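The values are calculated or read from the model by the stated rules, or taken from the named source; none is laboratory data. Fair warning: this is a prediction, and the values are worked out from it, not measured in the lab. Cβ coordinates were reconstructed from backbone atoms using ideal geometry, including for glycine residues, and neighbour counts include every protein chain displayed. Please note that ligands, DNA and RNA were not included when accessible areas were found on the heavy atoms of the full protein model with its side chains. Shrake-Rupley method; radii C 1.70, N 1.55, O 1.52, S 1.80 Å.
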Amino acid sequence: MIEKYTEVLSQYELEILDVRRGRGAWLCETNQGLKLLREYKGTIKRLDFEDQVFTQLEEAWHPFVDRYVRNREGELLSSADDGTRWIVKDWYADKECNLKDDKEVLRAITQIASLHKMLREIEFKEEWNLGSILVQLPGDEMERHNRELIRARSFIRNKRKKTEFELCVIGNYDMFYEQAKDARLGMKEFCAYHGNEECYLCHGDLNQHHILMCPRDVAVVEFNRMHLGMQMEDLYHFMRKAMEKHDWSLKLGTSMLETYSKILPLSDTDRTCLYYLFLYPEKYWKQINFYYNANKAWIPARNIEKLKDLELQQPLRNEFLSRIK
């Protein structure tokens, strides 16, 4: 493996000072700063799409992103002798956003809003019309998740001896499933009326792991799920993670929305979209889906606690929902 990464790095105009193992990649200290080397299994068209977006972002904004480095041949992709393909990109040695730190969360929200604002200025090109760019609308995804919830409940109902987790599911299923149905119906109607006009380039996988807190700025990395869609999904995914860490603090939720709006004002349409995204009990669905697709004979005690916590947090979650609507 050492010979392979050395072979790939030799194709770049980089002086390698140090190399260390990262998560599924190699972190390389070079004369041009920290770089990340990783095997790549996607298409060159996908790389070109991301690189073109980064180019336009840098022309207008100079963001901290993990831009690809071209090799000596001017290519984004480099091959090893065994046929594997590799990319090198800019990287940052900074820590991930700490969701328990309000100040870091709000710094991240500011950067998300700035990113969204600049992505809205980028005109979508016909050549970017790839399968990975056009993703499933949230209403369709909710519909699929609801079918999974129904299958899991039917399975549990037909069991004679039920575990504590299964009894917990039976006890609070109706409340969460009603929310899931209302969210799906509302989002399907929303997409039918506003779907096309609300489509912009989105990061596609915004969470605390992909937001790095640098001394001078906030870096946003891992754009491999960037697509044409609803930017409110980006905001929702990050906000939901933060809100769960803070027991659905109304103060923090309001601060995040206000911070975002200072950079990119939230329209009534944006808030409606956010409302239906937050209304869907995604954490509940994840617990049920994990149960149904895993070893149903044994569920970790922590998963039972998570299910009970969701019910306890429901009044605070409802209060936050009422402020968005």
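Quick rundown of the values:
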{"quantity": "Of the criteria (1) assigned to a helix (DSSP H, G or I); (2) open to solvent by 50 Å² or more (accessible area, probe 1.4 Å), which one Asn98 fails", "calculated": "(1)"}
{"quantity": "Single match in Arg85, Arg67 (criterion: among the basic types (Lys, Arg) and in contact (Cβ under 8 Å) with a residue 40 or more places away in the chain)", "calculated": "Arg85"}
{"quantity": "Selection within segment 136-164 - outside any helix (DSSP H, G or I) and more than 30 Å from Arg225 (Cα to Cα)", "calculated": "Asn158, Lys159, Arg160, Lys161, Lys162, Thr163"}
{"quantity": "Pairs with Cβ under 6 Å, 6+ apart, first in segment 184-206 and at positive phi, second hydrophobic (A, V, I, L, M, F, W, C)", "calculated": "Gly204/Met226"}
{"quantity": "Residue count for segment 215-232, restricted to those that are under 11 Å from the mean Cα position of the chain (by Cα) and open to solvent by 30 Å² or more (accessible area, probe 1.4 Å)", "calculated": "2"}
{"quantity": "Positions within segment 293-321 being more than 23 Å from Arg271 (Cβ to Cβ), open to solvent by less than 70 Å² (accessible area, probe 1.4 Å) and not polar (S, T, N, Q), in sequence order", "calculated": "Ala294, Lys296, Ile299, Pro300, Ala301, Ile304, Lys306, Leu307, Asp309, Leu310"}
{"quantity": "Cβ-Cβ under 7 Å pairs, at least 6 apart or on other chains, segment 102-113 side within 19 Å of Val65 (Cβ to Cβ), far side among the charged types (D, E, K, R)", "calculated": "Ile112/Asp234"}
{"quantity": "Single match in Lys41, Lys4, Lys35 (criterion: touching a Leu at 6+ places or on another chain (Cβ under 8 Å) and not hydrophobic (A, V, I, L, M, F, W, C))", "calculated": "Lys35"}
{"quantity": "Out of Glu15, Glu39, Glu73, Glu59, sole residue that is over 29 Å from Trp128 (Cβ atoms) and open to solvent by 20 Å² or more (accessible area, probe 1.4 Å)", "calculated": "Glu15"}
{"quantity": "Single condition Lys41 does not satisfy, out of (1) part of a helix (DSSP H, G or I); (2) within 21 Å of Met226 (Cα to Cα); (3) of a type in the set (Lys, Arg)", "calculated": "(1)"}
{"quantity": "Residue match in segment 183-197 (condition: surrounded by fewer than 19 Cβ atoms within 10 Å (Cβ to Cβ), at pLDDT 95 or above and assigned to a helix (DSSP H, G or I))", "calculated": "yes"}
{"quantity": "Verdict on Lys286 being more than 21 Å from the chain's Cα centre (by Cα) and open to solvent by 70 Å² or more (accessible area, probe 1.4 Å)", "calculated": "no"}
{"quantity": "Which listed residue is assigned to a helix (DSSP H, G or I), of a type outside the set (Asp, Glu) and under 18 Å from the mean Cα position of the chain (by Cα), from Ala108, Ala180", "calculated": "Ala108"}
{"quantity": "Candidate set from segment 131-153 (those that are modelled with pLDDT under 95 and among the polar types (S, T, N, Q)); member that is nearest to Tyr284 (Cα to Cα)", "calculated": "Gln136"}
{"quantity": "Residues of segment 235-270 satisfying the condition of being surrounded by 16 or more Cβ atoms within 10 Å (Cβ to Cβ) and closer than 17 Å to Glu197 by Cβ", "calculated": "Leu264, Leu266, Asp270"}
{"quantity": "Single residue of Thr84, Thr6 found to be of a type in the set (S, T, N, Q), exposed (fewer than 15 other Cβ atoms within 10 Å of the Cβ) and within 25 Å of Ser132 (Cβ to Cβ)", "calculated": "Thr84"}
